[in-house]
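Contents: one structure, followed by commentary.
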Amino acid sequence: MSTQPEHPTLLIPGPIEFDDAVLQSMGHFSQSHVGAPFVATFGETLSMLRKLFQTDDPASQPFVISGSGTLGWDLVSANLAEPGDDVLVLHAGYFADSFADCLQTYGAKPTQLKAPIGSTPQLPEIEKALKERKYKLLTITHVDTSTGVLTDLKPISELVHRVSPETLVIVDGVCSVGSEEIEFDKWQLDGVITASQKGVGCPAGLSISMFSGRAIKTFQNRKTPPASYFASFKNWLPIMQNYEAKKPSYFATPSPQLIHALHTSLTQILSRPLSERFAAHREASQKVKKAVADLGLKQVAPNPAEQANGMTAIYLPENVTVPVLLPNLLKKGVIFAGGLHKEIATKYIRFGHMGVSVTDPKRDDIGRAIEVLKSGLSDAGHQKA
Ligand SMILES: Cc1ncc(COP(=O)(O)O)c(C=O)c1O
């Protein structure tokens, strides 16, 4: 039995439902951020992140900084690109626009390679773009939360290493880390940024990232200093290295309670093989996607190879609107999200299926949500429901 007060099940693509133990970690008594017990917790948390990202290269560098996923864009833009550097931004929805905006804020020159809504840029066009210009970075939104489109990282990284080996491969994994397979070393990634509130299963408030030795060297070889104080690797790199070496260190005060929550959630995630976790997400996703098809509905991402495993974006039938459907689903106990991609926002809803809602056998969040969706659509007059 959960110790949480009864509440509607939150099945949006982040924040997600929390495990009781993760939530209880937020109630940890106050600790000094430079005292030995907290430094040990922070150090272990960083080491566990290496396992989650599947890197055992000692040159890889994890960062955990107070902030949200957006701070990851600032880390990349402030530290790895210099003013005037070209960046190729692969666009599969809303979040690439924001990443490009952030890069531009720091003076980089993003070029967006845009796919039709519901799809992702294809290898031949990426290859063509890489051959036309020298890009300092290539960015990929692993799962675009506005469309539920999954971009396969491995072949893109292989392509970059073959065609433009100096280009750093940077992944926005805010909606994928913890729910989609990521092999940082094997796929030769240079940066993956994420946040605490989605597949990692922790309350919002932490920017979590992993950068390769190559990315750190790129930072160290900069000609100009980073144009950010809070997001500067110069300030955070020694702190992260010291924490992992269990040495007290200070740049800006971390949140001990959030770090405890992340420590608990990572301990839980790593207590079972990661392959099982990803398989559970694939299985839940297939169940949702089959129910959507049985209801006669279409996904925003039509190609199964480009469909995320932690969320599904579902077009509504012609006669059903978001402002009618979502409040009724809430009354029935489940919270889904509305559309986000501005060109189609009124036409679809988003169903998040990540973390404990998928992995905890004591819950039946997904099965229940499917029944609630069917019943809500039927109330709205959809025939197939
Ligand atoms: C793919 C992606 N990138 C970046 C962000 C920004 O993260 P945050 O809202 O935590 O700042 C989000 C937020 O949902 C996201 O889904």
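Values quoted throughout were computed directly from the atomic coordinates according to the rules given, and no laboratory measurement underlies them. For clarity, every value in this text was computed on a predicted model and none was experimentally measured. Note that we place each Cβ from the backbone using ideal geometry, even for glycine, and neighbour counts take in every protein chain shown.
From the backbone phi of the stretch 261-277, what are the Karplus-calculated ³J(HN,Hα) couplings (6.51 cos²θ - 1.76 cosθ + 1.60, θ = phi - 60°) in whole Hz, Gly and Pro given as x?
5, 5, 4, 5, 5, 5, 4, 5, 4, 7, 6, 10, x, 4, 4, 5, 4
Mind listing which trypsin sites (Lys or Arg not before Pro) in the stretch 132-232 are in a DSSP loop and have 12 or fewer other Cβ atoms within 10 Å? Could you put the intermediate results ahead of the total?
On the way: sites: 133, 134, 136, 162, 186, 198, 214, 217, 222, 223; in loops: 133, 134, 136, 186, 198, 222, 223.
Sparse-neighbourhood loop trypsin sites (Lys or Arg not before Pro): 133, 134, 186, 223.
On a 29 Å Cα-Cα criterion, which of the cross-link pairs 131/342; 246/362; 154/289; 51/217 come out too long? All intermediate terms of the calculation are to be shown ahead of the outcome.
On the way: 131/342 31 Å; 246/362 37 Å; 154/289 24 Å; 51/217 22 Å.
Those over the limit are 131/342; 246/362.
Is the stretch 220-276 best put as rounded, prolate or oblate by its Cα gyration tensor, with a ≥ b ≥ c the root eigenvalues, rounded for a/c under 1.5, and otherwise prolate when a/b is larger than b/c, oblate when not?
On the way: a/c = 2.55, a/b = 1.85, b/c = 1.38.
Prolate, because a/c is 1.5 or more and a/b exceeds b/c.
Roughly speaking, what is the stretch gain from residue 222 to residue 54, that is 0.36 nm per residue apart minus the C-alpha to C-alpha distance, in nm to one decimal? Write out the running numbers ahead of the final one.
Working: separation 168, 0.36 × 168 = 60.48 nm, distance 2.76 nm.
So the extension gain works out to 57.7 nm.
Report, ordered by chain and residue number, the aspartates and glutamates lying within cross-link reach of residue 374, taken as a straight Cα distance under 15 Å and ignoring same-chain residues fewer than 8 apart.
Residue 374 reaches 294, 365.
With springs only between Cα atoms under 10 Å, which of 201, 367, 173 fluctuates most in a Gaussian network model of the chain?
Fluctuation is largest for 367.
Taking every pair of Cα atoms in the stretch 296-385, average 1/r, invert it to obtain the Kirkwood radius, and report Rg/Rh to two decimals.
Working: Rg = 13.0 Å, Rh = 13.7 Å.
On the Cα set of the stretch 296-385, Rg over Rh gives 0.95.
May I ask you to order 23-36, 50-63 by the average number of other C-beta atoms within 10 Å around their residues, highest value first? Mind showing how you got there, number by number?
Values: 23-36: 14.1, 50-63: 17.7.
Sorting 23-36, 50-63 by mean packing, highest first, produces 50-63, 23-36.
Assigning unit charges at the beta carbon (Lys, Arg +1; Asp, Glu -1) and nothing else, what dipole magnitude in debye, to the nearest 20, does the stretch 247-385 show about its Cα centre?
I would put it at about 120 debye.
Quick one: which residues, 5+ away or cross-chain, put their amide H under 5 Å from the amide H of residue 175? H built at 1.01 Å from N.
Excluding prolines and chain starts, which carry no amide H, the hits are 143.
Go through the stretch 201-213 residue by residue and turn each phi into a ³J(HN,Hα) via Karplus (6.51, -1.76, 1.60, θ = phi - 60°); whole Hz please, and just put x for glycine and proline.
Each residue's phi maps through the Karplus curve to give x, 10, x, 5, x, 10, 8, 10, 8, 10, 10, 7, x Hz.
With a Förster radius of 35 Å, plug the Cβ-Cβ distance of residue 105 and residue 185 into 1/(1 + (r/R0)^6) and report the FRET value to the nearest 0.05. Could the numbers behind the result be given before it?
Details: r = 31 Å, r/R0 = 0.88.
It comes to 0.70.
Among 268, 281, 232, whose Cα projects farthest towards the positive end of the dipole of the stretch 201-288, with charges put on the beta-carbon of Lys, Arg (+1) and Asp, Glu (-1)?
The residue sitting most towards the positive pole is 232.
Go through 351, 257, 63 and say which Cα lies farthest out towards the positive end of the charge dipole of the chain; charges sit on Cβ, +1 for Lys and Arg, -1 for Asp and Glu.
Towards the positive end, the residue furthest out is 63.
Taking the Cα centroid of the stretch 1-63 and of the stretch 154-223, what is the distance between the two, rounded to the nearest whole Å?
If we compute the Cα centre of each part, the gap is 19 Å.
Can you put 321, 218, 145 in order of Cβ neighbours within 10 angstrom, beginning with the fewest? Spell out each step's value before the answer.
On the way: 321 13, 218 22, 145 28.
Listing 321, 218, 145 from fewest to most nearby Cβ atoms yields 321, 218, 145.
Taking other Cβ within 10 Å of each residue's Cβ, how do 119, 265, 98 sort, fewest first? If you can, show how the numbers build up before the last one.
Values: 119 18, 265 28, 98 15.
Ascending number of Cβ neighbours within 10 Å: 98, 119, 265.
Using Cβ counts within 10 Å as a stand-in for footprinting exposure, how do 230, 278, 18 rank, fewest first?
Working: 230 15, 278 18, 18 23.
Lowest to highest Cβ neighbour count: 230, 278, 18.
Taking amide H atoms as placed 1.01 Å from N in the peptide plane, list the residues 5 or more away in sequence, or in a different chain, whose amide H sits under 5 Å from that of residue 168.
Under 5 Å from the amide H of residue 168 lie the amide H atoms of 137, 138, each far enough along the sequence or on another chain.
Can you list residues whose amide H is under 5 Å from residue 112's amide H, if they're 5+ apart or on another chain and H is modeled 1.01 Å from N?
Under 5 Å from the amide H of residue 112 lie the amide H atoms of 89, each far enough along the sequence or on another chain.
Can you pull a Stokes-Einstein diffusion coefficient for the stretch 280-322 at 4 °C (1.567 mPa s), Rh from Kirkwood over Cα pairs, as a whole number of µm²/s?
Details: Rh = 10.8 Å.
For these conditions, the coefficient is 120 µm²/s.
How far, in nm, would the chain grow between residue 274 and residue 112 when pulled straight, counting 0.36 nm per residue and subtracting the alpha carbon separation? Before the final figure, lay out the partial values.
Values: separation 162, 0.36 × 162 = 58.32 nm, distance 3.28 nm.
Taking 0.36 nm per residue and subtracting the Cα distance, the gain is 55.0 nm.
Exposed loop sites here are GluC sites (Glu not before Pro) in DSSP loop states with at most 16 other C-beta atoms within 10 Å. What is the longest stretch of the chain lacking them? The partial results should precede the final answer.
Working: sites that count: 6, 166, 183, 318, 343.
Value returned for the longest uninterrupted segment is 7-165.
Report, in debye and to the nearest 20, how large the dipole of the chain comes out about its Cα centre when Lys and Arg carry +1 and Asp and Glu carry -1 on their Cβ.
Details: 37 positive and 38 negative charges, 41 e Å.
The calculated dipole for the chain is roughly 200 debye.
Take the eigenvalues of the Cα gyration tensor for the chain, scale each by 5, and report the square roots as semi-axes in whole Å, largest first. Intermediate values should be presented prior to the final figure.
Numbers: eigenvalues 227, 149, 55 Å².
One finds semi-axes of 34, 27, 17 Å for the chain.
From the phi angles alone, apply the Karplus equation (6.51, -1.76, 1.60; θ = phi - 60°) to the stretch 284-289 and give each ³J(HN,Hα) in whole Hz, x where the residue is Gly or Pro.
Running phi through 6.51 cos²θ - 1.76 cosθ + 1.60 with θ = phi - 60° gives 4, 5, 4, 5, 5, 5 Hz.
Determine the relative contact order of the stretch 156-305: mean sequence separation of Cα pairs under 8 Å and six or more apart, normalised by residue count, in whole percent. Please list the in-between numbers first.
Working: 123 pairs, mean separation 27.1, N = 150.
Over the stretch 156-305, the number comes to 18 percent.
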